[in-house]
Amino acid sequence: MAEGARLGSLDRRSFLLGAGAAAGWLVARGLGATGPFAREAELAPGAALRALGASLTPRQRELIVLPADHPSRQIVNTLSVLERPHLGTLLSPSQRALAERLYLSMLSPRGRADFAGTVAIEGRLDGAVLVVYGEPEREDAQAVIMGGHLMLRSGGEGPGGAAFGGGIAYGHQIGNGRWRVPGNSFAYHGDAANRLYASLSAEERARAVLPAPPHELVLQVQDAGGSFAGARVASLSEAGREEAARLLGTVLSCYPEEEQARALSCIEANGGLGALHVAFFGSHGFYEDMQPWSAQGPAERARRGDPYWQVWRLEGPGSIVHFQGHPHVHAYVQVVRDPARARVGEALASAAGTVEGEAMRALLEGAMRAATGEPLAFHPPEIPGRFCPGEVTTGSAWALDPYRNPLVVAEIEGRAMAGPLRERLAAAGAAPAPEGRYRVATTRYCAGRRDWFGEPESVLASELLLRDALVAHLRAGGLAAVRG
């Protein structure tokens, strides 16, 4: 108990040190918000949201305002997850000013400086999309601004007592495919993670380094009974724990102080920083010549020294920070107080255990078969999400299809199939003959991937999205077929 109390004190001290130093760094250099809305951004974001809501025309309200439990609220992505007119075409100049106030209020001074690089590349806020979950006049309404490499929220706690109002995402398309993503606004987040690695002992490193990362959109938080990969922070040396706290503080320093405090409170409610696990991934640890650590033998690794880890993950009960620093930065933060309540939408089923990987792939292919009536279906092994134990909702299902993938039926000869499709069908007991012709349900995106699917003779399009097929399949009891 004494050790746990000491660790909690260490976490808080180091976290505040990291966040406070970042804020002081900006003040000392005169950085932070600039432009005509910088001072106004210090006002409570709720006031800006209510003013914007009062200004909306009926058509704008129809396009912007969604129910508080709309399933899209569950999706976390660095692309717009909704098809809506961009702010530059939908809003008037005065409304656009309110939207900018909202945006600035979602970030700390350091965050405004860092995100400036992102919004400059992505067409500034004019190229983003705004959605409000719940009535904007209500205090519990939530505003979400999303676009390329950007997803920010404002409006207080989200489902499950989530910090930031729910999952957020950030990125920057600079430094593509280069060592340490030079020039990227968020390269310093990767530097902080590599300082943590440098502080680890050989034994700690052996536990922290894993072969390959999960899909970057596996962001569904687990409770204390979940499975967490990597080295537990509580098991690290004092130096490692200090650097882990600094890493978390570095990531959270982009957001307002009250949200940093809310996130830290959620983490402490789920066991503190010590309950998080840190993982680095051998497939994405690179040397200066961009040769991966995983491709080197022990002697060559010893000769080269430490790589630079460009993909890493912090995960524990109620919390995930996933940093994908190759080919450029896509990163995600999901912190909630109560993981069991962090799901929105209609309840469709209940999962007795975690559904992920091949079990989730089988579920998605089952949904495709049920929706199209075809006996054969194909989904690639990369699965953007999982179901955690407990209630499975429409929001849970939508998070498995953040890209709005339409279903198709592709006709293809056996000889024209790519290896992954041929192997998948064979594993399902339908080994294709070279001269045979087959109809396979899949997504439009997969059908266009020659390396996954092959060269179909024809592709029959549909308007049905994978997410809708999955919702229908879950309602019909499809989850039972993949349990156990």
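Structure data summary
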{"quantity": "Net charge dipole size for the range 165-269 [Lys, Arg +1 and Asp, Glu -1 on Cβ; Debye, nearest 20]", "calculated": "400"}
{"quantity": "Cα-based shape type of the range 347-482, given that a ≥ b ≥ c are square roots of the gyration tensor eigenvalues and the cut on a/c is 1.5", "calculated": "prolate"}
{"quantity": "Value of Rg/Rh across the range 187-341 [Cα atoms, Kirkwood radius]", "calculated": "0.96"}
{"quantity": "Projected area, mean over directions - the range 115-248, Cα convex hull, nm²", "calculated": "10.4"}
{"quantity": "Gap separating the Cα centres of the range 224-239 and the range 160-210, nearest whole Å", "calculated": "17"}
{"quantity": "Helix-only [θ]222 nm of the chain, DSSP H runs n ≥ 4, -39500 (n - 2.57) each, per residue, nearest 500", "calculated": "-11000 deg cm²/dmol"}
{"quantity": "Built amide H within the under 5 Å cut-off of LEU464, gap 5+", "calculated": "LEU407"}
{"quantity": "Backbone HN-Hα couplings from phi across the range 459-465 [Karplus 6.51/-1.76/1.60, Hz, Gly and Pro as x]", "calculated": "9, 8, 7, 9, 9, 7, 8"}
{"quantity": "Centroid-to-centroid separation of the range 349-384 and the range 65-144 [C-alpha atoms, Å]", "calculated": "32"}
{"quantity": "5 angstrom amide H check on ILE383, placed H, neighbours 5+ away", "calculated": "HIS215"}
{"quantity": "Quarter of the Cα convex hull surface for the range 66-154, i.e. its orientation-mean projected area (nm²)", "calculated": "5.7"}
{"quantity": "Share, in percent, of DSSP beta bridges within the range 187-341 that are antiparallel, nearest 5", "calculated": "90"}
{"quantity": "Dipole magnitude of the range 108-210 about its Cα centre (Cβ charges: Lys, Arg +1; Asp, Glu -1), debye to nearest 20", "calculated": "560"}
{"quantity": "Dmax and Rg, reported as Rg then Dmax, of the chain (C-alpha, Å)", "calculated": "23.0, 71"}
{"quantity": "Long-range HN-HN contacts of HIS328 with modeled amide H, under 5 Å", "calculated": "GLY177"}
{"quantity": "Relative packing of 433-446, 393-406, which averages over residues the other C-beta atoms within 10 Å, highest first", "calculated": "393-406, 433-446"}
{"quantity": "DSSP bridge pairs, the chain: antiparallel proportion in percent, nearest 5", "calculated": "90"}
{"quantity": "Phi-based couplings in Hz for the range 154-162 (Karplus 6.51, -1.76, 1.60; Gly and Pro marked x)", "calculated": "8, x, x, 4, x, x, x, x, 5"}
{"quantity": "3J(HN,Hα) from dihedral phi, the range 297-313, Karplus parametrisation 6.51/-1.76/1.60, rounded to Hz, x for glycine, proline", "calculated": "x, x, 5, 5, 5, 5, 5, 7, x, 6, x, 9, 7, 9, 10, 8, 8"}
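Since every read-out is calculated from the coordinates, none of them should be taken as a lab result. Please read all numbers here as calculations on a predicted model, not as lab measurements. As a convention, Cβ positions derive from the backbone with ideal geometry for all residues, glycine included, and neighbour counts pool all protein chains shown.
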